[in-house]
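Here's the structure, in C-alpha cells; my notes come after.
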Protein chains: 2
Amino acid sequence: MEKLLVFGHQNPDTDAVTSAISFAHYLNQMGVEAEAVALGEVNEETDFALRHFEADFPRVITTASNEVSAVALVDHNEFQQSVSDISNLEVKYVVDHHRISNFETANPLYYRAEPVGCTNTIIYKLFKEAEIAIPSQIAGLMVSAIISDTLLFKSPTCTGEDIKAAQALAELAELDLEAYGLELLKAGTALENKSNEALLNMDAKSFSMGDKIVRVGQVNTVDIDEVLERQKDLEKLMEVTNASEGYDLFVLMITNIIENDSKILAVGSGAAKVETAFDVTLKDHTALLEGVVSRKKQVIPQLTEAYTN
Amino acid sequence: MEKLLVFGHQNPDTDAVTSAISFAHYLNQMGVEAEAVALGEVNEETDFALRHFEADFPRVITTASNEVSAVALVDHNEFQQSVSDISNLEVKYVVDHHRISNFETANPLYYRAEPVGCTNTIIYKLFKEAEIAIPSQIAGLMVSAIISDTLLFKSPTCTGEDIKAAQALAELAELDLEAYGLELLKAGTALENKSNEALLNMDAKSFSMGDKIVRVGQVNTVDIDEVLERQKDLEKLMEVTNASEGYDLFVLMITNIIENDSKILAVGSGAAKVETAFDVTLKDHTALLEGVVSRKKQVIPQLTEAYTN
C-alpha cells in the first residue's frame, strides 16, 4: 500500500496534532507507511507539549492530493474541517470522538469512533488491543491531548476511560499529571499577544446545521473580561468573516478554565438560534453559559437542534 | 440508560439479522439493555441458520421511535437502508463493514467499521477485546453470516480476518465449516417459489449516487438461466418500481455461487451508467460480469464513480 498522510482538523489543537503523531506511529507499527502532518501551525499549548517532550513539529500542508491518494483522518470527520482537497482523496482510516456529519466514502474503510473525551484515549486502546508498546515521548504527547481536551478531567466530555488512559500514559511518560497538566493548560491561555484574527481562528471549526454553516471558535482563559476588552473589534471581524465565508452565525466561546464557565459572543443572522438553543437572552451579543466548557457536548448538539427543528 | 433496539438493514440478509443478535448479546454483557429486531422477514438462508441453531426469530419492526429513543445499527449506516423513522432516533452505536454515506448524528457515538467481509467478523473482535465468551448458538449464527457474506470465503471482500474469525467460531459451534457452509448457501438459492416481487426485494438496497437514487438487488443461484426465464416480467416490475420510488436505475445482480460470476439486469434512465461503470454493452438489458460476486466491492464503487464523474 502506498504512503498515507495522517492529520487532524484545520486550526489544529493539541489532540489534532498529537493524535496524528500517535496514530501514524501505530500504523507504522502495523506495517502501514504513514506520515503525520498538520493542517496549520500549532498553537501555544501544543508548542509547549511538543517542546516538553522534544518531539518534531509536524510538517504543515494545505493540500494532500498532490502527494498521496489516500489519507487517515484523526480528531475530525466533517469535510469542511479537513484538508481543502479532501473530496479528491480516499479516506482509509478515521479515528475520532465527534459526531459524524458531512462525511462520506465510496468504499468501505476503517472507522473507529467512541464517545470519549479525547481521540488519543481511543488510540491508547488501539495500542493495547494490538499489544504495541507506546514510546515514552509519544505517551507524553498523548496524555497532553487528554489533559487539553478534558481540561484536566473537568469537562463533561471526560469519561472514566480518559482518566484511565491518562494515568497509564502519564506513568509511561514519567509525568506528574496534575503539575504538568496545569502548566500545559496555562501555556494555552496566553492570548494577549494574539491578533483578533488569530484569536478568532485559533480553534474555530465550521459545522453544517440544516442548510446553514455555523462557525464556532473557543478560547481558554483565566480572565474572561480581559478577552472581552476587545469585544467590539472581534464583533466587526466576525461580521466581515460571516459575509465573506457565508456563515449564518459565528459563535466564540470564551471559556474560563478555572471557573468552568463560558461566555459566548454571537454574531450573525442566526443569533436568535443561540437564544433558542441555550434558553438565554443575548445582551450586547453575549450570554454567560454556566458550567459550559465543551463545544462538542454542550454547544454543537443544542445549536444543531435549534437549526433543524 | 434506556433500552436500545439493535437492527440491520431493510430486506435483511443473514449478516443483518445475526449481527443484530450477536451485537445485542455483546451489549447486554457490557451492561447495556438491548434487543435485537429485524426490519423485515428473514430470507430462506437466514431461516435455515436460525433453525439449525434453534435460535429465536427476531421480532420484525417498521418503526422504532414508538418504542425507544435510541438505537444501534449493524451491517448498514445509510439512512435510506435503515428503519423508516431513523431521523427521529439517536444512533448510539454502529458496527458495519460498508462505505459511509447519507449518515449523520448530532452527538458523538460509538462507530466501529472495518473493511472486512462481514459485520460479525468485527463483532467477533469486540467479544475478544472485551474478553467475553461467545455462546455456541451465537457463534453458529455468526459463522453463518461470514459464510453468507463471503460466499464461503470466495468473495473478493473476504479477508484473512474473516477466515480466522470463521474458523474460531466454527470450533465454538462444533461445526464442519465446508459441509455446513454449502448447505447454508444452497438454502439461499431456492428461488422457484418466490414471486417476482419477492425476488427483486430479497436483498435489494438503495444507494445515493450523485443526486440520484440507485437500487441494487442481488440473488444467489446455481443456475442463472433459470432466473432469466422470468426476465420480461422482472423488467416490467423494475420499471414500475423505478417510477413509483423515483429510482434512476434498478440493477439486479444474478450471482452464480458455483462459477462466481454475475449476470446483471439493468433497467431505468441510468442504464448507460452501467455501461460506463463496467465497460460493457448491455444486450437486452443484460451483461455478464465475469468474476463479479460482491455488490459492495465490485458494483457500488464503480457505479458511484460513473454517477459522480
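What follows draws every value from the coordinates through simple rules; no lab data is involved. These numbers come from a predicted model, not from an experiment. Note that we place each Cβ from the backbone using ideal geometry, even for glycine, and neighbour counts take in every protein chain shown.
Along the charge dipole of chain B, Cβ charges K/R +1 and D/E -1, which of B:LEU265, B:LEU175, B:LEU185 sits furthest on the positive end?
B:LEU265
Can you give the convex hull volume of the alpha carbon atoms of segment B:196-308 per residue, in Å³?
Normalising the Cα hull of segment B:196-308 by residue number yields 87 Å³.
Testing the spin-label approximation: label points 7 Å from Cα along Cα→Cβ at B:ASP284 and B:ALA198. State their distance in nm.
2.6
Name the residue farthest towards the positive end of the dipole of segment B:197-309 from the options B:LEU288, B:LEU252, B:TYR307, assuming +1 on Cβ of Lys and Arg, -1 on Cβ of Asp and Glu, about the Cα centre.
B:TYR307
Please compute the contact order of segment A:167-230 in relative form: average sequence separation of alpha-carbon pairs under 8 Å and at least six residues apart, divided by the residue count, as a percent.
Computed over segment A:167-230, the figure is 26 percent.
List the GluC sites (Glu not before Pro) within segment A:120-209 that DSSP assigns to loop and that have no more than 15 neighbouring Cβ atoms inside 10 Å.
A:GLU131, A:GLU174, A:GLU192
Does anything in segment A:93-129 have its amide N under 20 Å from the 7 Å Cα→Cβ label point of A:GLU171, and if so which residues?
Hits in segment A:93-129 for A:GLU171 at 20 Å: A:120-129.
In nm to one decimal, list the spacings between the A:GLU90 label point and its equivalents in the other copies, with label points set 7 Å along Cα to Cβ, shortest first.
Taking the point 7 Å beyond Cα along Cα→Cβ, the inter-copy spacings are 3.6 nm.
What's the exposure ranking of A:ARG99, A:ARG51, going from fewest to most Cβ atoms within 10 Å? Please list the in-between numbers first.
Working: A:ARG99 22, A:ARG51 11.
Starting with the residue having the fewest Cβ neighbours, the order is A:ARG51, A:ARG99.
Which aspartates and glutamates, if any, have their Cα less than 18 Å from the Cα of B:LYS212, not counting same-chain residues under 8 positions apart?
By straight Cα distance, B:LYS212 reaches A:GLU104, B:GLU78, B:GLU239, B:GLU245, B:ASP248, B:GLU275, B:GLU305.
Could you tell me how far the Cα centroid of segment B:240-275 sits from the Cα centroid of segment A:190-240, in Å?
Answer, in whole Å: 51.
Based on other C-beta atoms within 10 Å, arrange B:LYS236, B:LYS186 from fewest to most.
Taking fewest neighbouring Cβ atoms as first place, the list is B:LYS236, B:LYS186.
Looking only at segment A:185-309, where both bridge partners belong to it, what percent of the DSSP beta bridges are antiparallel (to the nearest 5)?
Numbers: 17 of 25 bridges.
If I count the DSSP bridges inside segment A:185-309, around 70 percent turn out antiparallel.
If we count every other residue with Cβ under 14 angstrom of A:GLU33's Cβ, Lys/Arg +1 and Asp/Glu -1, where does the sum land?
-1
Considering only the label points, 7 Å along Cα→Cβ from Cα, what distances in nm to one decimal separate B:GLY291 from the same position in each other copy, shortest first?
Result for B:GLY291, in nm, nearest copy first: 6.1.
What are the distances, in nm and sorted shortest first, from the label point of A:ASP225 to the label points of the same position in each other copy, with each label point placed 7 Å from Cα along the Cα-to-Cβ direction?
Once sorted, the set of distances for A:ASP225 reads 9.1 nm.
Picking from B:VAL83, B:SER101, B:TYR124, whose Cα lies most toward the positive end of the charge dipole for segment B:1-129 (charges on Cβ: Lys, Arg +1; Asp, Glu -1)?
B:TYR124
Dipole of segment A:4-187, Cα-centred, from +1 at each Lys and Arg C-beta and -1 at each Asp and Glu C-beta, to the nearest 20 debye?
So the magnitude is around 320 debye.
Percent relative contact order of chain B, based on C-alpha pairs within less than 8 angstrom and at least six residues apart?
The normalised contact order for chain B reaches 14 percent.
Looking at chain A, send over the antiparallel percent of its DSSP beta bridges, to the nearest 5.
40
Treating only the Cβ of Lys, Arg, Asp and Glu as charged (+1, +1, -1, -1), what charge dipole size does chain A show about its Cα centre? Round to the nearest 20 debye.
In total the dipole reaches around 560 debye.
Would you please give the FRET efficiency between A:ASN107 and B:LYS154, computed as 1/(1 + (r/R0)^6) with r the Cβ-Cβ distance and R0 = 22 Å, to the nearest 0.05?
0.60
Run the simple label-point estimate for B:ALA272 and A:ASP211 please: 7 Å along Cα→C-beta, distance reported in nm.
About 2.9 nm separates the two model spin labels.
Mind checking the dipole of the protein assembly as shown: about its Cα centre, +1 per Lys or Arg Cβ, -1 per Asp or Glu Cβ, Debye to the nearest 20?
500
Multiplying the sequence separation of B:ASN28 and B:ILE258 by 0.36 nm and subtracting their Cα-Cα distance, what value in nm do you get?
Stretched out fully, the B:ASN28 to B:ILE258 stretch lengthens by 78.9 nm.
Leaving out same-chain residues fewer than 8 places away, which lysines sit with a Cα under 22 Å from that of B:LYS128?
A:LYS125, A:LYS128, A:LYS164, B:LYS92, B:LYS164
Using DSSP, restrict attention to beta bridges with both residues in the protein assembly as shown and report what percent are antiparallel, rounded to the nearest 5.
Around 45 percent antiparallel, to the nearest 5.
Please report, largest first and rounded to whole Å, the three semi-axes of the ellipsoid equivalent to chain A, where each semi-axis is the square root of five times an eigenvalue of the C-alpha gyration tensor.
They are 30, 23, 17 Å, listed from largest to smallest.
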